[in-house]
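Undergrad: Structure provided below as structure tokens; questions to follow.
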Amino acid sequence: MIERLCAAHPFGPDVREALSALLRESTEGVVEPLEDDAPDHGVWAGWMADQVGRPWAGASFLWAESYFFRKLLAATGFFAPGPWRGVDPFAPMKRAELHNAATAETLKALDELPHLSDPERDAAVVQAAVWGNQADLAFQLSTDASGSTSGLVAGSPEEFWSLFDEPGPVHLVADNSAGELAADLVVIDRLLTTGRAARVVLHVKPGPYYVSDATPTDVLVVLHHLCGLGGEAGQVGSRVENALRAGEIAVRAHPFFCAPFDFGAMPDDLRAEFASAAVTIFKGDLNYRRLVGDRHWPVDRPFADAVSHFPGPLAALRVLKSEAVVGLERATATSLDAGGQPWRTSGSHALIQTRS
Ligand SMILES: O=P(O)(O)OC[C@H]1O[C@](O)(CO)[C@@H](O)[C@@H]1O
């Protein structure tokens, strides 16, 4: 990741050295405190108090990943006065993903939607939102995932839509930008145009994170891209734009979305927001890990038990890229294990899980 960043940007020796120091620290050293005075310094001081001085490998994976991304931003000069302040170092990668052939094909395929029956259209937009999660740049950088899609290990689009029995505010906690965010906007459009949602709140990351995670800037970039396209993608883009102007869609970027903890530890203000939602949709692998707890759970632990901390109805749409998983039939896991493929981590399988 660090090599790719240095190839993508003409960083000077100071930034390159700060990135090398982060690589050394995180692979060979102990957790060092933050050296910047960015606005989130104080909150991070609380989140890391008991980690400083310990080897990185002793921290939980979730904590270490989050802290790595926070330090990486600081190393690129994101928080410091100077030319790189506020510059998203992952923007070129996200831009390439948005403009690549696979995303173009997916967006062109939206032209089929108006020709489908309502149930087919419901199923298609959810499938696109689930599998859109495969396009994740942090994951592509750390695996050789070939993109083969074997199928859902739990749930169905029908189960997803059955959550929306009466219109109310729906919250969507987004994951990656580019094609995945475009697919999420299609789901939001479907929620609003079918009257299943009275209003949608779209939650994104407050800053660059996990390479491709969507920020408020990315919402504008993806929306602008959709609006510039013809066909159904362009129609969705202009409906979403109008809904934003009318206040029917609101964008939020709570700091806790870059926190190194499970959602069970979310602060009261965010919990209260979710408590007011008719349904909350969680997208992606990282949000799933934080939702069920980033642990080696028994695969047949009921999903409802794992998310009992969450204050309202919810759905998780996720491609499996990490070990944490609950709510599966034990027989499903046994047969996948017998196949000998790394089905939990390779991005080849996905799930839809709900709790009403
Ligand atoms: O973008 P997503 O679906 O949240 O996936 C991110 C995943 O990629 C990784 O960074 C690398 O596999 C995981 O740690 C993380 O869960």
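The values are calculated or read from the model by the stated rules, or taken from the named source; none is laboratory data. For clarity, every value in this text was computed on a predicted model and none was experimentally measured. Please note: Cβ atoms are built from the backbone with ideal geometry, for glycine as well, and neighbour counts cover all protein chains shown.
Undergrad: Condition test on VAL125, is it touching a Lys or Arg at 6+ places or on another chain (Cβ under 8 Å), in a helix (DSSP H, G or I), within 16 Å of the ligand (Cβ to nearest atom) and among the aliphatic types (A, V, I, L, M)?
TA: The answer is no for VAL125.
Undergrad: Now for a separate question. I'd like to check something: does segment 248-267 contain any residue that is among the charged types (D, E, K, R) and farther than 30 Å from SER335 by Cα?
TA: Looking through segment 248-267, at least one residue is among the charged types (D, E, K, R) and farther than 30 Å from SER335 by Cα.
Undergrad: Those residues that are outside any helix (DSSP H, G or I) and either in contact with a Phe, Trp or Tyr (Cβ under 6 Å, 6 or more places away or on another chain) or surrounded by fewer than 16 Cβ atoms within 10 Å (Cβ to Cβ) (or both), I need them from segment 35-57; list them, please.
TA: Across segment 35-57, the qualifying residues are GLU35, ASP36, ASP37, ALA38, PRO39, ALA49, ASP50, VAL52, GLY53, ARG54, PRO55.
Condition check ((1) within 20 Å of ALA277 (Cα to Cα); (2) modelled with pLDDT of 95 or more; (3) more than 16 Å from the ligand (Cβ to nearest atom); (4) among the basic types (Lys, Arg)) across all residues:
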position: TRP131; (1), (2), (3), (4): no, no, no, no
position: GLN134; (1), (2), (3), (4): no, no, no, no
position: PHE139; (1), (2), (3), (4): no, no, no, no
position: SER142; (1), (2), (3), (4): no, no, no, no
position: GLY147; (1), (2), (3), (4): no, no, no, no
position: TRP161; (1), (2), (3), (4): yes, yes, yes, no
position: LEU181; (1), (2), (3), (4): no, yes, no, no
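Undergrad: Can we say ALA109 is buried (at least 19 other Cβ atoms within 10 Å of the Cβ) and modelled with pLDDT under 95?
TA: Judged against the criteria, ALA109 is not a match.
Undergrad: Right, here's the next one. Would you mind stating whether ASP285 is farther than 26 Å from ASN100 by Cβ, of a type in the set (Asp, Glu), crowded, with 19+ Cβ neighbours inside 10 Å and in the same structural domain as VAL153 (by TED's automatic domain parsing)?
TA: No, not satisfied.
Undergrad: Now for a different question. Suppose the filter is over 14 Å from the mean Cα position of the chain (by Cα) and within 13 Å of the ligand (Cβ to nearest atom); does ALA324 pass it?
TA: So ALA324 fits the description; yes.
Undergrad: Scan segment 222-245 and tell me whether some residue there is within 18 Å of the chain's Cα centre (by Cα), surrounded by 15 or more Cβ atoms within 10 Å (Cβ to Cβ) and assigned by TED's automatic domain parsing to the domain that holds ALA104.
TA: yes
Undergrad: Failed condition for ALA316, given (1) surrounded by fewer than 21 Cβ atoms within 10 Å (Cβ to Cβ); (2) free of Cβ contacts under 8 Å to residues at least 60 places away in the same chain; (3) within 13 Å of the ligand (Cβ to nearest atom), with all others met?
TA: It fails just one condition, (1).
Undergrad: Let me ask you something else. Which one of these does LEU270 not meet: (1) of a type outside the set (Ser, Thr, Tyr); (2) out of contact with any helix residue (DSSP H, G or I) (no Cβ under 6 Å at 6 or more places or on another chain); (3) away from the ligand (no atom under 16 Å from the Cβ); (4) at pLDDT 95 or above?
TA: Condition not satisfied by LEU270: (2).
Undergrad: Quick check on segment 281-313: of everything there that is within 11 Å of the ligand (Cβ to nearest atom) and in a loop (DSSP other than H, G, I, E, B), which residue is farthest from LEU351 (Cα to Cα)?
TA: For segment 281-313, the residue satisfying everything is ASP294.
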